[in-house]
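Chemist: I have a structure here, written as structure tokens, and I will follow up with some questions on it.
The values are calculated or read from the model by the stated rules, or taken from the named source; none is laboratory data. Worth saying up front: this structure is predicted, and the values here are computed from it rather than measured. Cβ placement follows ideal geometry from the backbone for every residue including glycine, while neighbour counts extend to all protein chains displayed.
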Amino acid sequence: SLSDKLQNVFKSLRSKGRLTEADVKTALREVKLALLEADVSFKVVRQFIKSVQERAVGQDVMNGLNPGQMVIKIVNEELVSLMGSETTEIALRPGSEITVIMMAGLQGAGKTTTTAKIAGKLKSKGRKPLLAACDVYRPAAIKQLQINGEKQGVEVFSMGDKQNPVDIAKGAVEYAKSHGFNVVILDTAGRLHVDEDMMQELQNIKTALDVDQTLLVVDAMTGQDAVNVSDMFNQKIGIDGVILTKLDGDTRGGAALSIKATCGKPILFVGMGEKLSDLEQFYPDRMASRILGMGDVMSLIEKAQANIDEEKARDMEQKLKKAQFGFDDYLESMSQVKKMGGISSILSMMPGMGNKMPDIESAIDEKKMGRIEAIILSMTPQERSNPDVLNPSRKKRIAKGAGVDISEVNRLVKQFEQMRKMMKQLPGMMGGKGGKRGKF
Ligand code: GDP
Ligand code: MG
């Protein structure tokens, strides 16, 4: 299998230190195959490999990894960042304002099913969705939406199959206004192939009413076709996001990567089955692993990463004991905390710590972390390692450099002092003998 092949390649790469061009080339040859096998489009693969090649050569190989694994680690990070790094939500208007969502896509992609799935999600979040049966061409399309709507306990607006879709869409929005609905989802008609009639019809709906979100539904099983379809819909009518259906099948889902790379629109959800509960948020990191299809390599990499973190923690513990803990370490500890899922989860691992560090908790609030980072980065190395030298004029200079008010610098220094004091009183909390060993 591919995975075995990779392992063999990795075994033959023994050089330590920095990644050489040869290391990178050898590993990327396998990555390229993996991506093509996952149905990522050739053009995207070529671009991707080129950019990873440039990034990887000369990088340090992490302890515990061989060069091949190090390349995979970089590949994985690049895949995740290409797919958007984070999850994307449907943008909804506030309160009772009506958000109009138009579903688009080819026949059989999963529009009607997904319409009902999304309605269920919105309903469970306290929204009041109304579904509009705008597919007047396919026999039984209206009935199908009604059945699905009923299963979800969501009302379906229909005007039969003798009206045109634009009038139905308008009628649905009017109905929503007078009946207290705040989301209208338009289930439109697809065609077997991208054709002018379909595009024109969707365009007419967009012209006639205020569509907030056009969501394209594409079948992941169609592989590279999914990419072409996304590109065409985006060019013709403009889309805001994509839902990739039928990922419960055995496709590796390379389309997810190609779509994002080609038309730049985020994937919001993935369809994981025919049941109406089978709709999941799209997670770029999970998708990256799936596309690479290298589960065992990934878990090795995670382990190596954990070891590095542990080394750093031990190092930090030593510094703490010698009271050498400086702002650089503070910054480092913040980023570790972030990686491990927040300060609360770490505090809870420390016996007796419970809620004794509320100030620190607020300092590590994700939103504030960027500003704190800016402040620390505005300090000289000397100031970072020996905060005692921070006099008012230095603080003023730092505040200016970081673009924050001096009071914020003062607050950070105070919090830092508090943390240093508390840590000195708690020998062993960073994983000394005896006590429960946290990951910190
Ligand atoms: P539409 O023509 O775009 O409205 O597509 P439908 O919603 O009618 O779906 C077409 C077929 O695909 C139906 O049999 C659905 O049950 C099925 N389907 C939709 N989404 C998924 C999915 O995520 N996984 C699987 N396995 N089947 C799906
Ligand atoms: Mg349909």
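Chemist: Can you spot a residue in region 174-183 that is touching a residue at least 40 places away in the same chain (Cβ under 8 Å), in a strand (DSSP E or B) and out of contact with any Phe, Trp or Tyr (no Cβ under 6 Å at 6 or more places or on another chain)?
Modeler: Yes - at least one qualifying residue is present in region 174-183.
Chemist: Pick from Val227, Val183: which is in contact with a Pro (Cβ under 8 Å, 6 or more places away or on another chain) and away from ligand 2 (no atom under 16 Å from the Cβ)?
Modeler: Step by step, each of Val227, Val183 is checked, and only Val183 is in contact with a Pro (Cβ under 8 Å, 6 or more places away or on another chain) and away from ligand 2 (no atom under 16 Å from the Cβ).
Chemist: So, Val61, is that one more than 16 Å from ligand 2 (Cβ to nearest atom), at pLDDT 90 or above and over 30 Å from His179 (Cβ atoms) or not?
Modeler: No: the conditions fail for Val61.
Chemist: Would you check which residues across region 91-120 are part of a loop (DSSP other than H, G, I, E, B), touching a strand residue (DSSP E or B) at 6+ places or on another chain (Cβ under 8 Å) and over 16 Å from Thr245 (Cβ atoms) and list them?
Modeler: Passing the criteria: Ala91, Leu92, Arg93, Ile98.
Chemist: OK, next. Please go through region 99-112 and pick out each residue that is among the hydroxyl-bearing types (Ser, Thr, Tyr) and either within 8 Å of ligand 2 (Cβ to nearest atom) or surrounded by 24 or more Cβ atoms within 10 Å (Cβ to Cβ) (or both).
Modeler: Scanning region 99-112 gives a single hit, Thr112.
Chemist: Might you check whether a residue that is over 21 Å from Lys117 (Cα atoms), in a loop (DSSP other than H, G, I, E, B) and of a type in the set (Lys, Arg) occurs anywhere in region 153-165?
Modeler: Taking every residue of region 153-165 in turn, at least one turns out to be over 21 Å from Lys117 (Cα atoms), in a loop (DSSP other than H, G, I, E, B) and of a type in the set (Lys, Arg).
Chemist: Please enumerate the residues belonging to region 53-72 that are among the polar types (S, T, N, Q), within 18 Å of Ala306 (Cα to Cα) and under 26 Å from the mean Cα position of the chain (by Cα).
Modeler: Correct list: Gln69 only.
Chemist: More than 26 Å from Leu79 (Cβ to Cβ), within 16 Å of ligand 1 (Cβ to nearest atom) and among the aliphatic types (A, V, I, L, M), is that true of Val218?
Modeler: no
Chemist: Checking Lys151 against (1) touching a residue at least 40 places away in the same chain (Cβ under 8 Å); (2) on the phi > 0 side of the Ramachandran plot; (3) surrounded by fewer than 16 Cβ atoms within 10 Å (Cβ to Cβ), which single condition isn't satisfied?
Modeler: (2)
Chemist: What are the residues in region 121-152 that are assigned to a loop (DSSP other than H, G, I, E, B) and either within 12 Å of ligand 2 (Cβ to nearest atom) or in contact with a helix residue (DSSP H, G or I) (Cβ under 7 Å, 6 or more places away or on another chain) (or both), if any?
Modeler: If the condition is that a residue be assigned to a loop (DSSP other than H, G, I, E, B) and either within 12 Å of ligand 2 (Cβ to nearest atom) or in contact with a helix residue (DSSP H, G or I) (Cβ under 7 Å, 6 or more places away or on another chain) (or both), then Cys134, Asp135, Val136, Tyr137, Arg138, Pro139, Ala140 are the ones that fit.
Chemist: Just to check your reading of the model, which residue among Ala104, Ala38, Ala116, Ala141 is closer than 24 Å to Gly264 by Cβ and assigned by TED's automatic domain parsing to the domain that holds Leu209?
Modeler: Only one candidate qualifies: Ala104.
Chemist: Look through Ile259, Ile243, Ile239, Ile308 and report the one residue that is outside the structural domain of Phe48 (by TED's automatic domain parsing), modelled with pLDDT under 90 and hydrophobic (A, V, I, L, M, F, W, C).
Modeler: Going through Ile259, Ile243, Ile239, Ile308 in turn, just one is outside the structural domain of Phe48 (by TED's automatic domain parsing), modelled with pLDDT under 90 and hydrophobic (A, V, I, L, M, F, W, C): Ile308.
Chemist: Now, a different point. Quick test for you: out of Asp167, Asp161, Asp187, pick the one residue that is more than 31 Å from the chain's Cα centre (by Cα), at pLDDT 95 or above and charged (D, E, K, R).
Modeler: Answer to the check: Asp167.
Chemist: If you check Asp315 against the conditions, is it out of contact with any Ser or Thr (no Cβ under 9 Å at 6 or more places or on another chain), surrounded by fewer than 16 Cβ atoms within 10 Å (Cβ to Cβ), modelled with pLDDT of 65 or more and under 20 Å from Asp60 (Cβ atoms)?
Modeler: Yes: the conditions hold for Asp315.
Chemist: Pick from region 186-208 the residues that are more than 14 Å from ligand 2 (Cβ to nearest atom) and touching a residue at least 60 places away in the same chain (Cβ under 8 Å): which of them is farthest from Gly95 (Cα to Cα)?
Modeler: His193
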